[in-house]
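**Q** Quick one: the structure is below, questions incoming.
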Amino acid sequence: MTVAVARALAGASLVATCLACTGSRKDPRAAEEESTRSVDAAVHQPAVSAPAVSAAPPPVHETGAAEMDASPAPQRTTALEVARVLFADAADPAVHPWSTECAPALPEEARIRCAFGVRYAGDPEAARLAHGLFVRHGVRAGVEVAHVMNGGYRGMIQIVPAVPTKQHRRHLAWIDAAFADFEAFFEGLGRGDAGVPRYRFRPIDVRFMRSVRATTPNAYASGWEVAYNLDGSINLSESAVRETMFHEIFHLNDTHHGEFSLKSLSRVYDAIVKRCGTRSPCLQPYSPGDTMVRNGTYYPFQPGNDVREYGAELAIRYYREQRLAIRGEKVARPFKCGPRENAEVWAAFAGEFFAGIDRIPACP
Ligand SMILES: [Zn+2]
């Protein structure tokens, strides 16, 4: 799908295609693809099935608040560590020109700011945004490593590093807005003695890239990193990017929680699939989102996707509903007030990741 078509579908639309795919990256984790988003225009492309891939344990920020909101603690990060993400496209970031342009004698903090200036050269505003993401949220916004991804039926997709400057600077602003929103969300969620979510949303690394002659994947995630496509077909607005990031970050947490979706949601998910197959009218009450695959069915139930995408859709539904509740707005049709299966997975999901917090009133 072209960006123009995706843009035309924007507004009422939310369609996400994630696909787990293995690539030729050194880190063979599950990759995630979002293709298009649309609420009522069922427009997206079928996902590609791929074998589950094992993941090495991600960096761990254990326990309580630290896990939910692992301190960005930029002061504990060295300039070289930051540079390894910013200049991941360099043969050796340690000897890249930044290392001399940003004199080793500089205080570490100043040297880090300098490194952002070198990476985002020619666009001081982009450098300021990227540095701000690091300082406020511990997000190192650098580049992806060039590689070829196995895109399943789409063939091999060439991924190249990209830097969001000039006309692409807006992606940095959207990601910045997303993290500011997540911060307010988690603060509101845990207000009072509600409990401490076990859900890490920062720090993470964001690695910008482009897909050659393609507008997918929009994003994929592994190991506390989210790769983000500047040409992605759905990365077109602040709200779309916010949900893309929440979706991807959920997958990171799902992995960190020992594949919670696979272990704890499969029974309900499998029963729904057994009952409904791919029949949309049957699946509709059970689908956490309105996302549909073009010529297919509700996104998490599209053959080739699995319960992990059901979990990710549940995460977005939880985020949307709790976000409204925190803001004092009414939730029209709470997910948990649908079929009893919904209430069951909702409670399990909230219990696993969000200390059981549920700001939606009990169902009538
Ligand atoms: Zn996904």
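Coordinate-derived values only; no laboratory data. This structure is a prediction, so every number in the text was calculated from the model and none was measured. With ideal geometry, Cβ positions are generated from the backbone for all residues, glycine too; neighbour counts draw on all protein chains shown.
**Q** Show me 90-102, 245-257, 333-345 ranked by packing, highest mean number of other Cβ atoms within 10 Å first. Walk me through the numbers on the way to the answer.
**A** Working: 90-102: 14.7, 245-257: 23.4, 333-345: 16.6.
The densest-packed peptide leads the list: 245-257, 333-345, 90-102.
**Q** A further question follows. When you count, for each residue, the other Cβ atoms within 10 Å and take the mean per peptide, how do 79-89, 277-287 rank with the highest first? Could the numbers behind the result be given before it?
**A** On the way: 79-89: 20.8, 277-287: 15.6.
Ranked from most to least packed, the peptides come out as 79-89, 277-287.
**Q** Let me ask another. How would you rank 190-199, 156-165, 130-139, highest first, on the average number of other Cβ atoms within 10 Å across their residues?
**A** Values: 190-199: 15.6, 156-165: 19.3, 130-139: 21.7.
Output ranking for 190-199, 156-165, 130-139: 130-139, 156-165, 190-199.
**Q** Next up: Which semi-axis lengths, in whole Å and largest first, follow from the square roots of five times the eigenvalues of the Cα gyration tensor of the stretch 76-235?
**A** Values: eigenvalues 124, 114, 40 Å².
Largest first, the stretch 76-235 gives 25, 24, 14 Å.
**Q** Using +1 on the beta carbon of Lys and Arg, -1 on that of Asp and Glu, and nothing else charged, what's the dipole of the stretch 225-364 about the Cα centre, debye to 20?
**A** Details: 17 positive and 18 negative charges, 128 e Å.
Roughly 620 debye for the stretch 225-364.
**Q** Also, quick follow-up: Across the stretch 209-261, how large is the tail of the calculated P(r) beyond 14 Å, expressed as a percent of all Cα pairs?
**A** I get 53 percent for the Cα pairs in the stretch 209-261 exceeding 14 Å.
**Q** What FRET efficiency do you get for Ala271 and Arg333 if R0 is 22 Å and r is their Cβ-Cβ distance, rounded to the nearest 0.05?
**A** On the way: r = 22 Å, r/R0 = 1.00.
Working from the Cβ atoms, E equals 0.50.
**Q** Between Arg136 and Ala103, what is the FRET efficiency for a Förster distance of 35 Å, r being their Cβ-Cβ separation, to the nearest 0.05? Walk me through the numbers on the way to the answer.
**A** Working: r = 25 Å, r/R0 = 0.72.
Here the calculated transfer efficiency is 0.85.
**Q** With 22 Å as the cut-off, how large is the P(r) tail for the stretch 214-364, expressed as percent of Cα-Cα pairs? Write down the numbers at each step before the final one.
**A** On the way: 4675 of 11325 pairs.
The share of Cα pairs beyond 22 Å in the stretch 214-364 comes to 41 percent.
**Q** Moving on. Sequence gap at least 6, Cα distance under 8 Å: using those rules, report the relative contact order of the stretch 86-142 to the nearest whole percent. Each step should come with its number before you reach the end.
**A** Values: 39 pairs, mean separation 18.0, N = 57.
Reported as a whole number, the value is 32 percent.
**Q** Please report, in debye to the nearest 20, how large the charge dipole of the stretch 75-157 is about its Cα centre when each Lys and Arg carries +1 at its beta carbon and each Asp and Glu carries -1 there.
**A** 240 debye
**Q** While we're here: At what distance in angstrom do the alpha carbon centres of the stretch 177-213 and the stretch 222-274 lie from each other?
**A** 13 Å
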